Each structure stands twice: as structure tokens, then as C-alpha cells.
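Working notes, beginning with the structure itself.
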Amino acid sequence: MNVIALIGECVKKGVSELYGIEVSDAQLNINLTRKEFEGDYTVVTFPFVKSARKSPEMVGQDLGAYLTENVDVITGFNVLKGFLNLSLSDKLWLDYLYEHHSDESFGVSESNGKKVLVEFSSPNTNKPLHLGHIRNILLGWASSKILKAAGYDTSNVQIINDRGIAICKSMIAWKLYADGATPASSGIKGDHFVGKWYVEFEKKFQAEYKIWQETSSALEAYTIRKKQAMNEVEFFKAYKNDYFNIHSALGKAAKTMLLDWESNDQATRDLWKQMNAWVYDGFEETYKKLGVSFDKLYFESDTYLLGKDKIEDGLSKDIFYKKDDGSVWIDLEAAKLDHKLVLRSDGTSVYMTQDIGTAILRYEDFKMDRMVYTVADEQNYHFKVLFEILKRMGEPFANGLHHLSYGMVELPEGRMKSREGTVVDADDLVNTVVSEAFENIKERGELLTLPEEELNEIVRRIGVAALKYHIIKVQPKKWMTFDPKESLDLQGQTGPYIQYSYVRIKGILKRADQEGLDLSGLSAYAGLEPVERELVLTLYQYPGLIKQAAEELDPSVVANYCYTLAKLFSKFWHDLQIFKEAEDAKVFRLQLSKLVGIVLKNGMDLIGIEMPDRM
């Protein structure tokens, strides 16, 4: 049933019969009626005014009278200026609810035959996953599930950044300071263990740099650049990278290790494989906690040479141009993106080159129609350039590329810094919210008599829901602050609040089953209460809302809908009786509750949240 399409066709016919005017689809503007006004749907009459030669109010009165007289499901209307508010019959909503109240796949679309590839996470192997990764992972996973519900065939991938100077820093620090320790011998999770040595490298480097600042070499460097009008503090802050590349013994060791890696030195490669294996074990454990998985992994160590042949081919087609120093560029000024380097003068690739090659490789692997990159907003320019280059290269998937850009996520105390060890690890954050959830349960005391295994599973679901919902409810492009305590508030817009509504519905349906109530028939109930009508209308919106969230790649649409539905159900439960009503009203309200429960469970599943059976 498509109510808006039905109203639209009736409006077209009505305007034609009333005024002899043919109305196009573009002229139709039909929306849900605002809550402060009576009605279900509102038709905007302004597009018909000029041709009808009547005021907006008169057009509304004419059209409203026509529709109520000629369309069975339209039972009443009112006009406010150029807005015609229509009321639909109770029978329409009763029939709709009866048709869907037991439909466990309500809202899920049939396959449209199109493939979508979703990239998310894509971490570095020199540190564990952290709060920023969590937002990335949750957005990518939820988007993939929503796209699947909207009819797409989805696959999840990540590219693991497993090479480069940052990884070499961890390796050098382990060689110099770990004394052969391993995750097993130290009792530290693999990715945390490797991340510890990345932080240790930075600490040792900073100490080395501080000592160097007292040497004659430092004074000479400062004297040479003093004309830039920097004081010593400003100079040494700005000079740190130069020091790493020119003077630092640790910097030299890390760069030498990178060269050894690139030349396939066996000992270096063996250490690299071992430390990366520790990290991968840790990553997998975190992914399992978050309930996510991937269909294929790509590794930068395999892909960093990709794309060079495509650049050479593009040179022959004048897509790219070569400068006198041998470097290769593309002119994107027509797209307001400036000129972009794609190959260095020594023939080595840049990240853009790798991304071009990796995108083409993925198309060869998956033949996808669309590809979604879940990456923070600091890379907005990079993806604009990448997508424009792939279009100019004529790649068959180029028009289906999308950057799911998201803002920074912070803690109440501020931003985090990986090298300084002030990042909140993903594992620690999950453990924190689960611990907070357990403390909340202990305060209420209701579930403490359950078997330990069952209690722990309930606590896990509540804690993880708090974390996931608090992050996903925020529109991706917005920066956000994550507050663990706020995320668990049972009275606020939180995952546990929605879970509680679902558990309440489970209890209602359990009682109905115990009383032997038959919910399979069509209720003869009539005279819908306002909150009942609003609930049915809200449920009716769900299938379209999934499609909206899929097209916009915005999981917050689903998250906020679930809260709206749960809050509305709470009002319904508070305002109306169920079990003390007459049979028709009782059956209708139980059917309504059942569909709300289905939608809450499925909607929360789309954003990666499991529902508990008890709370």
C-alpha cells in the first residue's frame, strides 16, 4: 500500500475534473500532517492556484470536498491557508496493521540486483582500534545492513595499512626495548601490545630530541632559521620532523628498517609478519565484540604498487601529464580541484595512485555497482579527487562511488592522540560501558538472581547497545562527544531505553499467549485513538525510511526512528489499557504492539544492536 501515491493520483484526477488542469508529478507535494494539526497527510495547494484562478484556501476547500466525496479512504479534511489536511479512514489503517502485524521481515525490500561494496575500519597495524575507529566501524556496518534491507547485495571490505614508517617505529621499539616479550608472555592483547611499542618509540624519540636541543647542532639549526622570527620553543616544535629525518638515531633506525622491508630483507619481513599477526588477532577479538565481519581483506603491502600501470595508460590518453622532472600529474581545475600528483619524479606511487589501483582491483573482484568508503571528513578532498580521476579514466564503476564522511568523535575531556598514548582503546570503551551497565543493574537488583551466564549476556547486550546507539544516533557529518554514563540513561534517547520498550512488548505478548488470546484475525475495532493512529502511521513509514537511510547512507535516520517509535509506544502503553478492554480493542492493540516489537528489533538490528529478552 502506497498512501502517498494513492492520494497523488486522486489529487490529479480531482484537479483535472474541478479545473480542467493536468497536474504533473513534480507539482505534487504531499507530506505527513504536522502533529499540531488534525489530519494524516497534507496536500500543498499552491502549485494549482495560478491555473485554477482561485486562492489557495478556495482550492483546498474545493479539492477537500471532492476527495471526501469520491475517495472512500478519505474521511475528512481541513484547510489552513494553502495546506489541505486529509484524514484517512480507520479501516485503511486497521487493514494495513492486520496485513503486516506478524510479518517478521516487515520493511525489507526484495533484491534489486545491484551490488554495493562497503569499506570501513581500515586500521593501521601499529596501534589498537580506538574510539575513532568505533564510529567508523559502526557507521560502515550499519550502512551495509541498511543497504541490504533496501534490496542491495552488499559486501564488506577493509584495507589494512600494514606497511610504512609508523609500523617500523613499533618494530624498532620492540627490538630495542622489549627484551623478547610477546603478547602471551606479557598477558597483553596483541594489538595493545604492538601499540605499546609505538607509544614507547615516541617517548624515547622525544627524550632523544630533548637532549639534542642542548647540542651545538641544535644551536646551528636554530641560528640558520632564526630569521623566520621564531622563538626557541616555536622553532623546536616546528623542527621535530626535520630532526627525525636528519639527526635522530631512532629516526635513522626506523627509516633503515623501512628500506630493509622494501628490499625484502628476510629478518625484517619475519619480524613484520610476526608483529602484524599479533595485531590481527587483537583486531579480530575487537570485531567480534562489536559484532562485525568482513567478506574480504585487502592489505596495503599488496596494493601499494597498484595503479602505476593505469597511470601510464592514462598518460597515453592525455588524462595525465608529465612535468620536466618526470613526475606525473592530472589537471583537475575544471572540477575546482587544482592539479594533483599521481606519480613522483622517481616513479614511486603516492596514496592516490594506490587508491586508484585498489578501486580497480575491487571492481575486478566484486563487479559492484556502487562502492562506499567510510572515512573521516579530514579526507574529503582526497575522495573528491579520487572519484574525479576514476571518472576521467572511464572506469565502469566511477559514477557509483560515495564517501561516507563522518566527523570527529571526542570524549568529555577532549581529543585523543595516538602517539602520546591518550587514545581510548575500543576494547577499554566496550568494557567501560558494559561495566556501567552492570552497575546500573546492581542498583535495581531485578536480574541478579539469574544464572551468571544469562545475566552476563543481558549486561553485554545492554552495554554494547548503549555504546553503538549513542554514536549512530548522531548524523555522520556532525562532530560528537561520547559520554559513557549518558549513553546508558534509561530515561533518555539511548539504546537501553529502546531495548526496555522492546522487553516490555515481549512481556505483553507473553501474557497474551498465556491467556490464550488469538491475534490472527482481523479486528472489528473502530474509532482509533490519536496515539493509536500515530503509531500505525509511524509504522507505515518504516519501509520508506529504510530506503531513505540507504540512499542517504545515514544510519542515524534508522536510529532516531527507533527512538521515536519506542517513545510513542511508551505513551500508548501509559495512556491506554490493553487487557481490560473489549475483545476487538484488545486484539487490535496487541497486534499493534506486536508489529512495534518486530520493527524495534529489526530496526535496531540494522544498526548492529541486539535486543535482550529481559531487563
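The values are calculated or read from the model by the stated rules, or taken from the named source; none is laboratory data. These numbers come from a predicted model, not from an experiment. Glycine also receives a Cβ, built like all others from the backbone with ideal geometry; neighbour counts cover every protein chain displayed.
The table for this structure:
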| quantity | calculated |
| --- | --- |
| Test for GLY608: is it part of a helix (DSSP H, G or I), under 31 Å from the mean Cα position of the chain (by Cα) and crowded, with 21+ Cβ neighbours inside 10 Å | no |
| Listing of helices (runs of 4 or more DSSP H) fully contained in the stretch 450-520 that carry 3 or more residues being out of contact with any helix residue (DSSP H, G or I) (no Cβ under 9 Å at 6 or more places or on another chain) | 452-472, 495-514 |
| The one condition in (1) surrounded by fewer than 22 Cβ atoms within 10 Å (Cβ to Cβ); (2) among the aliphatic types (A, V, I, L, M); (3) in contact (Cβ under 8 Å) with a residue 40 or more places away in the chain that ALA178 fails to fulfil | (3) |
| Test: residue in the stretch 425-444 that is within 25 Å of the chain's Cα centre (by Cα), surrounded by 17 or more Cβ atoms within 10 Å (Cβ to Cβ), in a loop (DSSP other than H, G, I, E, B) and modelled with pLDDT under 90 | no |
| Residue check for THR33: under 26 Å from ALA524 (Cβ atoms) and polar (S, T, N, Q) | no |
| Candidate set from the stretch 103-123 (those that are at pLDDT 95 or above and of a type in the set (S, T, N, Q)); member that is surrounded by the most Cβ atoms within 10 Å (Cβ to Cβ) | SER121 |
| Candidates LEU88, LEU97, LEU138 - the one that is more than 19 Å from LYS547 (Cβ to Cβ) and out of contact with any Phe, Trp or Tyr (no Cβ under 8 Å at 6 or more places or on another chain) | LEU138 |
| Matching residues, the stretch 122-161, being among the aromatic types (Phe, Trp, Tyr) and more than 12 Å from the chain's Cα centre (by Cα) | TYR152 |
| Residue among SER144, SER170, SER216 that is closer than 30 Å to GLY107 by Cα and either surrounded by fewer than 19 Cβ atoms within 10 Å (Cβ to Cβ) or not acidic (Asp, Glu) (or both) | SER144 |
| Top-ranked residue of the stretch 281-320 - restricted to ones that are part of a helix (DSSP H, G or I) and among the small types (Gly, Ala, Ser), ranked as nearest to the chain's Cα centre (by Cα) | GLY282 |
| Residue in the stretch 256-280 that is surrounded by the most Cβ atoms within 10 Å (Cβ to Cβ), counting only those that are of a type in the set (Gly, Ala, Ser) and in a helix (DSSP H, G or I) | ALA277 |
| Where a residue in the stretch 351-375 is within 14 Å of ASN399 (Cβ to Cβ) and its partner, wherever it lies, is among the hydroxyl-bearing types (Ser, Thr, Tyr) and not in a strand (DSSP E or B), with Cβ under 9 Å and at least six apart | ASP369/TYR152; ARG370/TYR152; MET371/TYR363; VAL372/SER143; VAL372/SER144 |
